[in-house]
1. Do the conditions hold for A:ILE393, that is, is it crowded, with 24+ Cβ neighbours inside 10 Å and either touching a helix residue (DSSP H, G or I) at 6+ places or on another chain (Cβ under 8 Å) or farther than 20 Å from A:THR646 by Cα (or both)?
2. Of these, B:TYR186, B:TYR143, which one is closer than 30 Å to B:PHE482 by Cα and assigned to a helix (DSSP H, G or I)?
3. Could you list, in sequence order, the residues of region B:378-393 that are more than 9 Å from chain A (Cβ to nearest Cβ), charged (D, E, K, R) and not in a strand (DSSP E or B)?
4. Just to be sure I understand the filter: pairs with C-beta atoms under 8 Å, separated by 6 or more residues or on different chains, first member in region B:36-62 and over 30 Å from A:ARG195 (Cα atoms), second member hydroxyl-bearing (Ser, Thr, Tyr) and in a strand (DSSP E or B). Which pairs pass?
5. Go through (1) within 13 Å of another protein chain (Cβ to nearest Cβ); (2) surrounded by 24 or more Cβ atoms within 10 Å (Cβ to Cβ); (3) at pLDDT 90 or above one by one and return the number of the condition B:SER28 breaks.
6. Scanning region B:307-318 for residues that are within 14 Å of chain A (Cβ to nearest Cβ) and assigned to a loop (DSSP other than H, G, I, E, B), which turns out surrounded by the most Cβ atoms within 10 Å (Cβ to Cβ)?
7. Tell me, yes or no, whether region A:551-561 has at least one residue that is farther than 30 Å from A:PRO465 by Cβ, surrounded by 17 or more Cβ atoms within 10 Å (Cβ to Cβ) and of a type in the set (Val, Ile, Thr).
8. If I ask for residues that are at pLDDT 95 or above, surrounded by 22 or more Cβ atoms within 10 Å (Cβ to Cβ) and of a type in the set (Gly, Ala, Ser), which ones from region A:59-94 would you list?
Amino acid sequence: MTRPVYLGVDVGGTFTDLVAQAAGEPRLRVLKAPTTSDPSAAIVAGVRRLLREGEEVTGLTYGTTVVTNATLEGRGATVALITTRGFRDVLEIGRQHREHLYRLDLPGRPQPAVPRALRFEVGERLDHRGSVLEPLRDAEVLGLVEALRGAEVEAVAVSLLHAYANPAHERRIAALLRPHVGHVCLSSDVNPEFREYERTHTTCVNAQLMPLVERFLTDLTSGLARANLRAPLRLMQSSGGMTTAGQVRGTPLLMLMSGPAGGVAASQAMGARAGIADAVTFDMGGTSTDVCLIHGGHAETVSERRLGGRPVRLRSLAVESIGAGGGSVAWVAGGGALRVGPRSAGASPGPACYGRGGEEPTVTDAYVVLGYLDAAGEVGGLRLDAERARRAIEPLAARFHLSVPEAAAGIVEIANAAMVRAIRAVSIQRGVDPRRLTLVAYGGAGPMHAGRLAQLLEIPRVMVPLCSSVFSAFGCLVADLRYDAMRTLRVRLARGAPETWEAPFREMERELFARLADEGAAPDRVISRRSMDLRYVGQNYEIEVPVAPGLDGRAIRERFAEVHRRLYEYTTGDPVEGVNLRVSAVLPTPKGHIAVEAPSRRRDRGRRRAFFYGAGWQVVPVYPRDGLDPGDTVSGPAIVEDEWSTAVVFPGQAVRRDPAGPLWIEAGP
Amino acid sequence: MIDPVTLEVVRHAIYSIAEEMRGVLMRSARSPVLKEAGDLSCALTDAQGQLIAQGRDIPIHLGVMAFTVQEFLRRVPAPGLREGDVYFTNDPEVGGNHLPDVKAIMPVFHDGRLAAFAINLAHWPDVGGGRRGSYVTAARDRYAEGLCIPPVPLFVRGEPNAPVLETILSNVRGPDERRGDILAQYAANAVAAARLRELFGRIGTGVVLGCAHRFLDESERMMRDEIARLPAGEWAGEDWLDDDGAGNARLRIAVRIRVDGETLHVDFEGTAPEAPGPLNATRFVTASAVFYAVRALLGPEIPANAGCYRPLAVRVPEGSLLNPGPDAPRVGGNHETSQRVVDAMLRALAPVLPDRIVAGGPGTSGLAIFTGLREDGRPFLLYEVHGGGEGAGAARDGTNAVRVHMSNVMNTPIEVIESEYPLRVECCELRPDSGGPGTHRGGLGLRRSYRLLCERGELTTMVERMRIRPWGIFGGGDGAPFRVLLERQGTRTAVKGKDNRDLIRDDLVIVESSGGGGYGPPGGRSAALREADAASGFVTSESRGARRDTQ
């Protein structure tokens, strides 16, 4: 008789995080290990350490930044592009603008995803309605096979003009080429939306990832199989839901935002348990910080994002990333201003206080000087050196006639200014008042900054969830299974009968439900969410508006107008048209059984001095996280620590440990 | 004394406001030139009209807007302004550039006092005048170029000013679309004003503006430091426009640049007089081009605001091509002549900054406007600019098919063009062999062709670099010139650079943009780069053969 264990795994560039939940056990097991070049090695080793006698892994969900990093570093496969005659350079010309305005030393834009020598053309042409103007000739397609072989192409991207309106030619090319090349990927499958450059680039990036992700999934499954881990594998996708390996093999782009998605999924789940529908997630690590809005219980998503200066169109969480984190370097700009980031000391040499040769002052050095991080403690096995931290900050302090702690507090406050900007970008700029939100803080440095950010943004409370340092892995444990579908349908709301969109909506739902049924989902447990991309006739950017089944054009129009006013401050009497229909089908993962830490006796870890911006030195109590009594409230200033993270409670705030797990930082009584 | 922390907090806040404005304007606008091509810019000024923050927009606009609010305040004194008012103007004399670029100016109050302005500029696809699209080659004064809007409030205390709004809309083509654009311009300013008021409330108006003035001082300091690093001396540069559309003679732009301690003197003495045709640049456009060139060469990372420009002393002779009389026609001066000012300045400073300059690029908008009536009688207008090959630099080849210097307007996707206009795009490709040879090669131009699918239409061009080719430097060759061809019933004829002409069904307009100039002698080009050129087809064997023959 074996006991089932579920695993959530997040593989980052530096650390592999594992969270294990054994059936019937009150506590989660958590492990952080260095990432290995074969990622399955770290996972298998970690599982061996976490698993006990008589236990068996019955499910493993996996999230990773590996795909993002591969894309950013250009480590994709050799890809050829096939496109309509006369248009092979669309991929290079792009939108013809440059990425920067004044830099003569830099090229105007990055190199195209596929070099010109590997961009091929075929005679064929569709119009914007999908009618064939010039037919495709099989012989011409087959004539390319030799060249593709000669160039040792691993994957072929096919993107023909107007293929979003009629995929027939692309599908014919795929049928002809599949016997001859490893992978073929079609723009009409990956991104059936108009705007040829964006669609073509997206398709090429997807093609570059196909061989890579294929190898990676094969390594992973065989590595796990060798260790006798035959549990079904799920993957965390960019939209914040789980998907299957089969889906990812065809559309590896689904994994592009897999890393940050886990934390957002976890925030959404933990928020739901605490009755929170509106929140901002705040994930601060060493080099970057990700924030995302959760609105009405759903994490906001976008259909396009820029990666490496180029547009990639896919459904992903609306995560705003900024290049500021614990490793960000403080420096003096030419005009005499104190700036923080975007340059980071990275993992090596790292902050000065790591004692690995770094001498520049970083945000982490400021934490040490301020007493937020225990100067006698260690982070990730590294002993901290308070003296080096102080020495690194000293020159800045002298430059601005400040004491060293004042300068350190200034560095943290300036880093916070960048965070405030990012949080405002996902809230106020989308018409949501942060004063109604909860800040969910995680990542190595998140809980250290969150209290102060809440003060600056007048956010009433901060949630520091359990496992906040391995939150993305935790998210893999609680994320829902999710499939998305999208279809272009241009329709005027006033003219179209509801049946115009009801029929395709139902059809899309049938397809998604069938796929979920293949995964063993009972149809009555699947939740469908419909939305339409709407705009005033004449606009080119759409607003996504949720649409319940059966709504008529007038009701949909009213919802659109409401959102338009929220975003743009006005509405007009112009006709409104729909452009795309979208459906998300979600199979919720049961969350009621997530184990909670056992309450333990209050153990004060003593006191230490900590410096607060605007309030100076204070002697503050330090608590181990599991040493706080559930339900008990402690007035700030205070510091709450666990093995991997430190929550700082500012003067005027109070912290409470919820019997259900999270810490709450709120304005004090 | 403002502490360094507050300074950074305010810096983040005001830059994010300027950037948010662009998103609101672009996403809610109606004209393709705004919503797809992004021909728009946004900025914030203090109560005196000094530019304190700008978005990452179009350099020509940003430089001009450094003057707009100040000139506006001379005509509409501050005591007359009310909260919720939004003034619109395209008057070239009010810190303007050309009639199609319409600025929306909103005063921002806090605690009852004028504290700042939000300003945005949007290119309207039509402002009336003799031809659809308002690029009138035959114009010999500004009255022929369309409606001139002096600063008037189109919104008073947040409400539309209907009589004036309707007057303007009845004088421009496409009034419905324009109404949507005006609302989008209003919205961008209203959002910025709300954000600024919130910031003033949170941090204090005095502190915010104090920080803003520190930013100006910082930028000034940085710019002065950069100028002081240049060797003392004076350098001259020149370049020419192909023509002004009225005559065939080329027009000279001459500049002398003198370094005097921490000040840079820029004098355009010797430049051609005001032209009869529409290639005149307002003095604001001229200054904007100077600002761009200096910033690109000396301090691309210096935060852009009015402080950057304080160390520059610009003199432009009155009555010249670069500072014409108030009635001169000016539509092309904005994006053609301004680019030539940049060329002249780069050439002047090439001996001093050989590692920083780039050779001549597509110093033209490469503008083609297609207009006409759809089959159902509704009018259409496609405003399309064409990038070309960038000039090469000391360390790299020029970028292919890109916008350079004063402009950064995007193209319209082919799938958008074919869905919305009776046009079919038959190719969009690079133009092999168009880049000037050199140790580093100039970028390639592009070829895009458009077939008219309706009964009748019009074509307007505003294109330079057809005769005076993009210049190579230090031994590098010139880029291939710009060409526009009209193919009718199998016969191709060349279209002039500044033209308005009728089209008929099945006409094919072929736009071939210029290549960039090369940098350094072609003999110095490495074998590896030559091989890459051949493999990618950027340089064809015919062209290499031809070159050998002529050497």
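1. Yes: the conditions hold for A:ILE393.
2. B:TYR143
3. Within region B:378-393, just B:ARG378 meets the criteria.
4. B:LEU51/B:THR45; B:ILE52/B:THR45
5. (3)
6. Once the filter is applied, the top-ranked residue is B:PRO311.
7. Checked region A:551-561: at least one residue is farther than 30 Å from A:PRO465 by Cβ, surrounded by 17 or more Cβ atoms within 10 Å (Cβ to Cβ) and of a type in the set (Val, Ile, Thr).
8. A:ALA80, A:GLY94
The values are calculated or read from the model by the stated rules, or taken from the named source; none is laboratory data. What you see is a predicted model; the values in this text were computed from it and never measured. Using ideal geometry, Cβ is built from the backbone for each residue, glycine included, and neighbour counts are taken over all protein chains shown.
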